[in-house]
Amino acid sequence: MEVRGAGRIARAAAEALMDYAVSLDAQSLDEFNSKIERAAEILLETRPTAVSLYNAVWIVTKYKVSELEDARRSVVINAKRFIDNSERAVEKIGEIGSRRIRDGDTVLTHCNSMAAISVISTAFKAGKNIQVIATESRPRNQGILTVEMLDEQGIPTTLIVDSAVRSIMNKVDLVVVGADVITSNGTLVNKIGTSQIALIAHEARTSFMVAAETYKFSPKTILGELVPIEERSSEEVLPDNSKYKHVKVYNPAFDVTPHQYIDLICTEVGAIPPVMSYMIIKEKLGWELDELASS
Ligand code: RUB
């Protein structure tokens, strides 16, 4: 939990593989490959939900060479390119997504998404007079990180508890959230609480936008795979439950928002309706079905 947010997790994994490749002691290409493969497995085991981690590891470890030093170089080049593209994607999403925010709008965001914050701060920097409502995002309170970031930029922000979303939705013009995963049919997996915000926005006819880099789309969902939802420690919710004999805690970190509640997904290659998600997986991520089935 030291690294949080799907984009930051992906960049940290790419950097870790790069550092490891540089210092890795191997006598042959086979030995190098198997050590990199093991490192990739260890990284993937850290977070089951965020597909950005899986895509980052896949992109960085994809090389076809016959010499050990070429393999080392490939990992470094792939990782640097991934990190660079990922940072530029967040900026581009800000540019594209901010066009959806009008002068005078109130924007609600949930958790702490760099892509969503990029949309909000780009609109603010463009001189739009906006207000932000940020949820606390229990149980880890990532909303506090969000309000800190917005405050540093001078953006007027109101912090609310998660359960106040319905009370305030009539004052909101647009909801902008990030993504941990987007499936092939445009379903969103994001911080727990996102789906009830989407439902409330739908009821109030408030637009609901997702800000997500293309590596947040999950290739494996084309094959029908379900997205695993990470369950976190009970102590995040109830620090000491040893005193209760009949109480247990259920603490899923993410939830699932059906595509019907999403108006738009803003990526670095454009703002798309959720039903176009399959195209992103095929054309932008470049996955082939047989490759997927064997990975
Ligand atoms: C973070 C979270 C964020 C997405 C997108 O959850 O759900 O909304 O990861 O973030 P946690 P970004 O803090 O539990 O990892 O746009 O920065 O990738």
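Please specify each residue of the stretch 176-208 satisfying the condition of being within 14 Å of ASN112 (Cα to Cα) and assigned to a strand (DSSP E or B). First the steps, then the outcome.
From the stretch 176-208, those within 14 Å of ASN112 (Cα to Cα) are 176-180, 190-194; that's our starting set.
Those that are within 14 Å of ASN112 (Cα to Cα) and assigned to a strand (DSSP E or B): VAL176, VAL177, ASN190, LYS191.
List pairs: first residue in the stretch 229-242 and without any contact (Cβ under 8 Å) to a residue 24 or more places away in the chain, second residue outside any loop (DSSP other than H, G, I, E, B) and surrounded by 15 or more Cβ atoms within 10 Å (Cβ to Cβ) anywhere in the structure, Cβ distance under 8 angstrom, at least six positions apart or on different chains.
The qualifying pairs are ASN241/SER234.
Output the residues belonging to the stretch 141-184 that are in contact with a strand residue (DSSP E or B) (Cβ under 9 Å, 6 or more places away or on another chain) and closer than 22 Å to GLU2 by Cβ.
The answer is GLN142, GLY143, ILE144, THR146, VAL147, GLY178, ALA179, ASP180, VAL181.
Take the residues in the stretch 1-23 that are away from the ligand (no atom under 16 Å from the Cβ) and not acidic (Asp, Glu); name whichever of them is farthest from ILE182 (Cα to Cα).
Filtering first and then ranking leaves SER23.
Kindly indicate whether ALA26 is within 16 Å of the ligand (Cβ to nearest atom) and either farther than 13 Å from THR61 by Cα or of a type outside the set (Phe, Trp, Tyr) (or both).
So ALA26 does not fit the description; no.
On the basis of being over 25 Å from VAL3 (Cβ atoms) and within 16 Å of the ligand (Cβ to nearest atom), does SER66 make the cut?
no
Can you tell me which residue within the stretch 196-215, out of those that are closer than 23 Å to ASN141 by Cβ and within 12 Å of the ligand (Cβ to nearest atom), is surrounded by the fewest Cβ atoms within 10 Å (Cβ to Cβ)?
Ranking the qualifying residues of the stretch 196-215, first place goes to ILE197.
Within the stretch 22-45, can you find the residues that are in contact (Cβ under 8 Å) with a residue 40 or more places away in the chain and surrounded by 10 or more Cβ atoms within 10 Å (Cβ to Cβ)?
Listed by number, the residues that qualify are VAL22, LEU24, ALA26, LEU29, PHE32.
Does the stretch 278-292 include one or more residues that are part of a loop (DSSP other than H, G, I, E, B), exposed (fewer than 15 other Cβ atoms within 10 Å of the Cβ) and at pLDDT below 95?
yes
Please state which of the following conditions VAL165 fails to meet, knowing it meets all the rest: (1) surrounded by fewer than 16 Cβ atoms within 10 Å (Cβ to Cβ); (2) assigned to a helix (DSSP H, G or I).
(1)
Using beta carbons and a limit of 9 Å, which pairs, at least six apart or on different chains, have the first residue in the stretch 123-151 and surrounded by fewer than 15 Cβ atoms within 10 Å (Cβ to Cβ) and the second one among the hydroxyl-bearing types (Ser, Thr, Tyr)?
Close Cβ pairs satisfying both conditions: LYS125/SER98; ALA126/SER98; ILE144/SER137; ASP151/THR157.
Out of VAL75, VAL65, VAL60, I need the residue that is farther than 29 Å from SER118 by Cα and of a type in the set (A, V, I, L, M). Which one? First the steps, then the outcome.
On the way: VAL75 fails: farther than 29 Å from SER118 by Cα; VAL60 fails: farther than 29 Å from SER118 by Cα.
The conditions single out VAL65.
Are any residues in the stretch 91-118 in a helix (DSSP H, G or I), within 14 Å of the chain's Cα centre (by Cα) and buried (at least 24 other Cβ atoms within 10 Å of the Cβ), and if so, which ones?
Correct list: ILE93, ALA115, ALA116, ILE117, SER118.
Taking the criterion of being touching a Pro at 6+ places or on another chain (Cβ under 8 Å), within 22 Å of GLU87 (Cα to Cα) and of a type outside the set (Ser, Thr, Tyr), would at least one residue in the stretch 24-40 satisfy it? Explain how you work it out, then say what you get.
Residues of the stretch 24-40 that are touching a Pro at 6+ places or on another chain (Cβ under 8 Å), as a first pass: none.
No, the stretch 24-40 has no match at all.
Just checking, how many residues over the stretch 168-187 are touching a helix residue (DSSP H, G or I) at 6+ places or on another chain (Cβ under 7 Å), crowded, with 20+ Cβ neighbours inside 10 Å and not acidic (Asp, Glu)?
Qualifying residue count, the stretch 168-187: 11.
The values are calculated or read from the model by the stated rules, or taken from the named source; none is laboratory data. Just so it is clear, the model here is predicted, and its values are computed rather than measured. Using ideal geometry, Cβ is built from the backbone for each residue, glycine included, and neighbour counts are taken over all protein chains shown.
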